[in-house]
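Encoded as structure tokens, the structure appears first; notes follow it.
The values are calculated or read from the model by the stated rules, or taken from the named source; none is laboratory data. Note that the structure is a prediction, hence the values are computed from the model and not measured. Every residue, glycine among them, receives a Cβ derived from its backbone with ideal geometry; neighbour counts consider all protein chains shown. Note: areas computed on protein heavy atoms with side chains; ligands, DNA, RNA excluded. Shrake-Rupley method; radii C 1.70, N 1.55, O 1.52, S 1.80 Å.
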Amino acid sequence: MGLSESDLFSVDNALEMILVFDRKGIISYANHVAKKKLGYDSDLHGVHIKEVFPNTFQMAEEGFATEYTFGNETQNLVAYRKNLTCFPVEAKIMDSVSHPGTYICMANDILEKEFLSREIEQVRQEAQQALKVKSEFVANVTHELRTPVNGILGNVKDLLDDVEGMDHRTVKSLRLIERCCGDMHKIINNILDFSKLEAGKFTLEPRSFHFRNMLDYVKSKHISKITEKGLGFFMTVSPQIPEYIIGDELRIGQILDNLLSNALKFTSVGKITLEVIRTAQVNDKVELFFIVSDSGIGIDKGDKDKLFQSFSQVDASISRKYGGTGLGLNICKQLVELMGGRIEVESEKNKGSTFSFSLWAGVSEEDKNAVAQLGEMPASLLHESSTEEEEKFENIRRYGTPENKENLKKNLSKLILCVEMENWEKAEMFMETIRHLTEEAPQEVKRVVLRLKMAIQKENYDKVTAGYAELSQML
Ligand code: ADP
């Protein structure tokens, strides 16, 4: 047939049947699959093509006659075996370009192809089912784990509210239990998010929210530990960013939370900074760019790629010393990508790390014009002074200020909305914010907050609505 040795090798081992025949209809070459499927050995050579496709080819004086149109198009034919049984094939028969007067037939067994695709579909469905069972199992287990952890945490917090008369050791133990429960809570939530993301069941819930309030809240969760460690914290937010943006507030907060707690975990001297800038605006969408920097232990060049993989920690000694599951950054990466952005890291060993990520958020109509005007302001005016920032944050945190009340009311109404929709998981998150905002509140308010929290953990609708009404009245 005039093929080179390597051509012959690949044709011979092709997965489809290949037959070459001449003007007379005589088969001059058949590959391994063709011989096997048609039930011949080397005796297929020399057989007339009409023996293989009797419905398509007839014997004729000039060799063969056919109504089949040769070309690149696939057609359905019936192939006959040597023992005269037959099977349907999808075939292409073409004139050989390099060997005029020779024809090449390539054919696939339709039944086998269908069988294979049915098998593939079955394997796919089985894998999907297994993944579903696994994620349901993980979701159930984590939910079951969360309830007792929350129960312990709630009771410990209750005890810690009134430490008078307790000896130093008891208070210390209670604080340790509180911290352990908090850590366990974080791990459980991470596993739950990870399994949902892995199963493709994760959906973002974008809505309009006050961007700086979200940042202030994230900051409020870390500032006391940052100060305790003697580290500096600086936050700059470009005023080009609209007051309200449309995005998933909880998930953006979660990414920042994770990056800030890593920065805090791996830094013992120096400072942590958080900067947010607007990098692009297209119609009613803005691209935001977040930068979280620390002056901590840093990451080796070779380890940078491993960071965003699941269950990956730089090395075992680090995880022993600092703890963690290695899921945080993988979840951050997946969340950032769902928001149309990217996450990256720059780091130098023993000098510090900078994690940055971008995401796209929506802008509400009123904010669009304001953003356009701010775009023309000189760069020197684009940074809020950090004392103003600090003051604003303090006002939100300090119980009883108008800012604090406004925030509390907003979170309460979000909480009750989640409860109405039976989204207990989300309600718990708003509850956590309310708890933070009432840390300095009088005992009677704190007691109602605690009751409300317990009712949410127990998913008790009546008690939640009662607690909600009581707290709303107190505000
Ligand atoms: P974990 O929940 O265990 O902290 P992450 O996915 O958040 O998991 O982080 C994975 C690993 O990346 C950490 O164990 C640590 O080795 C490294 N890492 C993350 N952030 C920093 C940082 N700011 N400085 C140094 N190492 C970091």
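See the values below:
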item: Residue among Gly182, Gly165 that is assigned to a helix (DSSP H, G or I) and modelled with pLDDT under 90; result: Gly182
item: Out of Thr401, Thr465, sole residue that is at pLDDT 80 or above, polar (S, T, N, Q) and closer than 27 Å to Phe211 by Cβ; result: Thr401
item: Search result, residues across the range 303-332 that are open to solvent by 50 Å² or more (accessible area, probe 1.4 Å), near the ligand (Cβ under 9 Å from one of its atoms) and modelled with pLDDT of 65 or more; result: Lys306, Gln309
item: Hey, Ile241 modelled with pLDDT of 90 or more and open to solvent by 40 Å² or more (accessible area, probe 1.4 Å) or not; result: no
item: The range 92-109 residues that are at positive phi, paired with ones that are open to solvent by 60 Å² or more (accessible area, probe 1.4 Å) (beta carbon under 8 Å, 6 or more apart); result: Gly101/Arg23
item: Residue that is within 16 Å of the ligand (Cβ to nearest atom) and either among the hydrophobic types (A, V, I, L, M, F, W, C) or open to solvent by 50 Å² or more (accessible area, probe 1.4 Å) (or both), where the choices are Phe202, Phe194, Phe211; result: Phe194
item: Of all residues in the range 258-284 being surrounded by fewer than 16 Cβ atoms within 10 Å (Cβ to Cβ) and farther than 16 Å from Ser295 by Cβ, the one that is nearest to the ligand (Cβ to nearest atom); result: Thr279
item: Odd one out for Glu126, checked against (1) in a helix (DSSP H, G or I); (2) surrounded by 11 or more Cβ atoms within 10 Å (Cβ to Cβ); (3) acidic (Asp, Glu); (4) without any contact (Cβ under 8 Å) to a residue 24 or more places away in the chain; result: (2)
item: Residue ID - most open to solvent (accessible area, probe 1.4 Å), chosen from residues in the range 424-472 that are touching a Cys at 6+ places or on another chain (Cβ under 7 Å) and in contact (Cβ under 8 Å) with a residue 24 or more places away in the chain; result: Lys426
item: Index of the failed condition, Leu259 passing every other in (1) modelled with pLDDT under 95; (2) under 17 Å from Ser356 (Cβ atoms); result: (1)
item: Condition met for Asn404 (without any contact (Cβ under 8 Å) to a residue 24 or more places away in the chain and in contact with a Leu (Cβ under 9 Å, 6 or more places away or on another chain)); result: no
item: All positions within the range 262-285 that are of a type in the set (Ser, Thr, Tyr) and either modelled with pLDDT of 95 or more or over 26 Å from the mean Cα position of the chain (by Cα) (or both); result: Thr267, Ser268, Thr273
item: Which numbered condition Asp109 fails, given (1) open to solvent by less than 60 Å² (accessible area, probe 1.4 Å); (2) under 30 Å from Asn189 (Cβ atoms); result: (2)
item: Selection status of Val292, within 16 Å of the ligand (Cβ to nearest atom) and either of a type in the set (D, E, K, R) or open to solvent by less than 30 Å² (accessible area, probe 1.4 Å) (or both); result: yes
item: Test result for Glu90, acidic (Asp, Glu) and open to solvent by 70 Å² or more (accessible area, probe 1.4 Å); result: no
